[in-house]
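Quick notes on the structure that follows.
Values in this text are rule-based calculations from the coordinates and carry no lab data. As the structure is a computational prediction, the values presented were derived from the model and not from experiment. So basically every Cβ, Gly included, is an ideal-geometry build from the backbone, and we count neighbours across all protein chains shown.
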Amino acid sequence: MNTPEFRAPRGTFDLVPPRGEAMLAVRDALAAPLRTAGYGYVETPSFEETTLFARGVGESTDIVTKEMYSFTTRGGDDVTLRPEGTAPVLRAVLENGLHRGALPVKLWYSGSYYRYERPQKGRYRHFSQVGAEILGTEDPASDAELIVLAVDAYRALGLTGVRVLLNSLGSHESRPAYRAALQEFLRRLDLDDETARRVEINPLRVLDDKRPEIQKALTDAPVITDFLSPSDRAHHATVRSLLTAAGVAFEDDPRLVRGLDYYTRTLFEFVHDGLGSQSAVGGGGRYDGLSELLGGPALPGVGWALGADRTLLAMEAEGLPLPGATGVQVFAVPLGEEAAAWAFSLVTSLRREGVTADFATGGRGLKGAMKAADRSGAKYAVVVGERDLAEGVAQVKDLATGEQQAVSVNGLVTHLKRLV
Ligand code: HAM
């Protein structure tokens, strides 16, 4: 075995064909409902000032305490490879003054994210998300809209096993009473020092502790939904009824908290049971106080991010054919030097006319070139030798039936365009 000297860093992987095309198609499908719904596209840098995430995502989250790729630049700036997209998008909205125009602002994005996590199936250090954010409205219809668009995206990919988990974390009206009740409950448990400290700083984070012994101890913990204020309760009820009206099934999960601190009110996760422990294919929620945390004006928001890598794994788990890799329609097989130059210009013309085409390179013999034609996925091969050219024709071969026909080189592009 030939062992390469360099490998992709631990927790990362390359996407090579045909999986590369499948990933492109997945990203396109996840974004398609957003584009249909009129969301604008936004792109932010892959790294940001470290403080943006520390403050935005939350100082006591796993993401900020353990998982960030942070470094000091040559110029002395502390920056971090983005572990998520919401804080950067909100930063961009505030910086570019989008919040001063017509509200709400609806945005979508797609890109690479980085978390120094323990790698396992479905959990990578470099991964890909498609995300959406709605800024400047508290309307529960926006929360429902986002959930419906995500469910429609999964459906369009053919996925049938995605479940929607729904909760409300309450606003500042409901949170203090819940926090106090939860702390009172947690203080009675026998917890390790670090977790006990967490109870005092950020008790909701303890609910997200994945250790089975902790989860067991939390069985009788108070749930937020019992503490919701009348307006939080009404907000939640509207989200639920809009989802039902849209034919979207969901499961109430009063224990759902998620790993980011900015959430208020609506919280949701999309899970797939074919993925093992990394079952979340996407998730999101409302974050009405995040803008103020970042030094902006009051600007309520709601959004989600869908994991493209895990969506692809879910499709494989369901045995769905991977989308993408269509190959070319026409493959040119030149025999001899003069024919090679002619084939090159034929392929160029075909491509300019919108016919996907490729050709055999390197003066390959007929046998090797025909193999390449088969591998290309083409339906037609154009075989041309010096004698054909002298007669002004090329042989068009249907690669499925093996039928071959001499076609005049003059009308060839038009002829092939009609065929494919
Ligand atoms: P998140 O739940 O941290 O939310 O990530 C969203 C999705 O990204 C996850 O459900 C998962 O599919 C994928 N993902 C996360 N970490 C990894 C990983 N290490 N490897 C592979 N896939 C991963 C957010 O990022 C929020 N910004 C979502 C949001 C937008 N909330 C409001 N607006």
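Under a Gaussian network description of the chain, with springs only between Cα atoms under 10 Å, the residue in SER345, SER231, SER70 that fluctuates furthest is SER345.
What is the sum of charges around ALA156, taking Lys and Arg as +1, Asp and Glu as -1, for the other residues whose C-beta is under 15 Å from the C-beta of ALA156? Walk me through the numbers before you get to the answer.
Numbers: positive: ARG27, ARG35, ARG155; negative: ASP28, ASP152, GLU318.
Its environment carries a net charge of 0.
Segment LEU189..ASN410, full-extension length gain: 71.1 nm, with 0.36 nm per residue of separation and the alpha-carbon distance subtracted. If only the Cβ of Lys and Arg carry +1 and only the Cβ of Asp and Glu carry -1, the dipole of the chain around its Cα centre is close to 680 debye.
In degrees between 0 and 90, to the nearest 10, how far off the longest principal axis of the chain does helix 337-352 point, with axes built from Cα atoms? It works out to around 40 degrees. Neighbours of SER277 by Cβ distance under 13 Å: Lys/Arg scored +1, Asp/Glu scored -1, total +4.
Taking all Cα pairs closer than 8 Å and separated by 6 or more residues, the relative contact order of the range 330-419 comes to 30 percent. Compute the acute angle (0 to 90°) between the alpha-carbon long axis of helix 86-95 and the principal axis of greatest extent of the alpha-carbon atoms of the chain; round to the nearest 10°. The angle comes out near 90 degrees.
The residues neighbouring LEU294, those whose beta-carbon lies less than 12 Å from its own, together hold a net charge of -2 under the Lys/Arg +1, Asp/Glu -1 convention. Once the Cα atoms are used to define both axes, helix 366-375 deviates from the longest principal axis of the chain by about 30 degrees.
Using a simple spin-label model with pseudo-atoms 7 Å out from Cα toward Cβ, THR36 and GLU338 lie 5.5 nm apart.
For GLU386 and LEU24, the difference between the fully extended length at 0.36 nm per residue and the C-alpha to C-alpha distance is 126.3 nm.
Shape of the range 330-419 from its Cα gyration tensor (a ≥ b ≥ c, root eigenvalues): rounded if a/c is under 1.5, otherwise prolate when a/b > b/c, or oblate?
Numbers: a/c = 1.22, a/b = 1.03, b/c = 1.18.
Rounded shape, in that the Cα axes give a/c under 1.5.
Each residue, ALA245 and LYS367, gets one label point 7 Å from its Cα in the Cβ direction; the gap between the two is 6.9 nm. For LYS367, the lysines whose Cα falls under 30 Å of its own Cα, not counting residues fewer than eight places away in the same chain, are LYS379, LYS397, LYS417. The smallest convex shape that holds all Cα atoms of the range 7-134, its convex hull, gives 130 Å³ per residue.
Comparing GLU337, GLU95, GLU318 in a Gaussian network model of the chain, where Cα atoms under 10 Å apart are tied by springs, the biggest mean-square fluctuation is seen for GLU337.
Please give the contour-minus-distance gain from GLU43 to ASN2: 0.36 nm per residue of separation, less the Cα-Cα distance, rounded to one decimal in nm. Don't jump to the answer; show the numbers that get you there.
Values: separation 41, 0.36 × 41 = 14.76 nm, distance 3.97 nm.
Stretched out fully, the GLU43 to ASN2 stretch lengthens by 10.8 nm.
Of the Cα atoms belonging to the chain, the radius of gyration and Dmax stand at 27.5, 93 Å.
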